[in-house]
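Asker: This structure is in structure tokens; I'll ask about it shortly.
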Amino acid sequence: MDEAELSRAFPIGDGACLEAVIARYGQALLRYCHHILCDYHEAQDAVQDALLRAWSRRNRFRAGTNLEAWLYKLAYHACIDLLRQRRRQLFAPPPPSGHNPDYIGPELRAALSVLTPEERGLVFGRVMEGRSYEELS
């Protein structure tokens, strides 16, 4: 199925149509999300979420418009949702009992809060995940 046929068939499609969308756009969406999130497993979650959103909202997709652009938009929003979730977890207060090695102290929290989400992603990719500068670029 070519791109134009897929765009026409997707709003009324069946499981085979979804499989065609995944086969055609899945890897590209995964690379896109991985570049945004800097985490392969979160990128997989974001792509899955984006494809589920696309499938559940397929009746809202207007036939003849660009399906690929719509999928990238959904993937972008899924990544932003994960980044927000990650930020909430990062800045959440520590649990009341015991020492939490993942707790971020007030000084570090203040320093990180002045960075953009993209800059924080780079810092965490380098410091906490040990990624090389080449991987981060």
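Asker: Run down Ala50, Ala75, Ala46 and say which single residue is hydrophobic (A, V, I, L, M, F, W, C) and in contact (Cβ under 8 Å) with a residue 40 or more places away in the chain.
Answerer: Details: Ala50 fails: in contact (Cβ under 8 Å) with a residue 40 or more places away in the chain; Ala46 fails: in contact (Cβ under 8 Å) with a residue 40 or more places away in the chain.
The unique qualifying residue is Ala75.
Asker: May I ask you to list the residues in the range 43-56 that are open to solvent by 50 Å² or more (accessible area, probe 1.4 Å) and touching a helix residue (DSSP H, G or I) at 6+ places or on another chain (Cβ under 8 Å)? Spell out the reasoning first.
Answerer: To start, the set of residues in the range 43-56 that are open to solvent by 50 Å² or more (accessible area, probe 1.4 Å) comprises 44-45, 48-49, 52, 55-56.
Answer for the range 43-56, where residues must be open to solvent by 50 Å² or more (accessible area, probe 1.4 Å) and touching a helix residue (DSSP H, G or I) at 6+ places or on another chain (Cβ under 8 Å): Gln44, Asp45, Asp49, Trp55.
Asker: Picking from Val127, Val114, which residue would you name as being open to solvent by 50 Å² or more (accessible area, probe 1.4 Å), at pLDDT 80 or above, over 19 Å from the mean Cα position of the chain (by Cα) and aliphatic (A, V, I, L, M)? Reasoning before the result, please.
Answerer: Values: Val127 fails: at pLDDT 80 or above.
Criteria check complete, one pass: Val114.
Asker: Does Leu30 satisfy the condition of being within 25 Å of Gly125 (Cβ to Cβ) and either loosely packed, with under 14 Cβ neighbours inside 10 Å or hydrophobic (A, V, I, L, M, F, W, C) (or both)?
Answerer: Answer is yes for this residue.
Asker: Determine, yes or no, whether Gly121 is part of a helix (DSSP H, G or I) and at pLDDT below 80.
Answerer: On the way: part of a helix (DSSP H, G or I): yes; at pLDDT below 80: yes.
Yes.
Asker: Does at least one position in the range 80-102 carry a residue that is under 18 Å from Ala43 (Cα atoms), among the aliphatic types (A, V, I, L, M), out of contact with any Gly (no Cβ under 8 Å at 6 or more places or on another chain) and at pLDDT 80 or above?
Answerer: Yes, there is a match, as at least one residue in the range 80-102 is under 18 Å from Ala43 (Cα atoms), among the aliphatic types (A, V, I, L, M), out of contact with any Gly (no Cβ under 8 Å at 6 or more places or on another chain) and at pLDDT 80 or above.
Asker: In the range 61-87, how many residues are open to solvent by less than 30 Å² (accessible area, probe 1.4 Å), out of contact with any Phe, Trp or Tyr (no Cβ under 7 Å at 6 or more places or on another chain) and not aliphatic (A, V, I, L, M)?
Answerer: Residues meeting the conditions: 1.
Asker: If you take the residues of the range 13-27 that are hydrophobic (A, V, I, L, M, F, W, C) and in contact (Cβ under 8 Å) with a residue 24 or more places away in the chain, which of them is nearest to Leu82 (Cα to Cα)? Let's see the steps before the verdict.
Answerer: So in the range 13-27, the residues hydrophobic (A, V, I, L, M, F, W, C) come out as 16-18, 20-23.
Cutting the leftovers down to in contact (Cβ under 8 Å) with a residue 24 or more places away in the chain gives us 18, 21-22.
Working: Leu18: 23, Val21: 23, Ile22: 21 Å.
Here the answer is Ile22.
The values are calculated or read from the model by the stated rules, or taken from the named source; none is laboratory data. A quick note: this is a predicted structure, and the numbers were derived from the prediction, not measured. In this analysis, Cβ positions are derived from the backbone assuming ideal geometry, glycine residues included, and neighbour counts consider all displayed protein chains. SASA here: full protein model, heavy atoms, side chains in, ligands and nucleic acids out. Shrake-Rupley method; radii C 1.70, N 1.55, O 1.52, S 1.80 Å.
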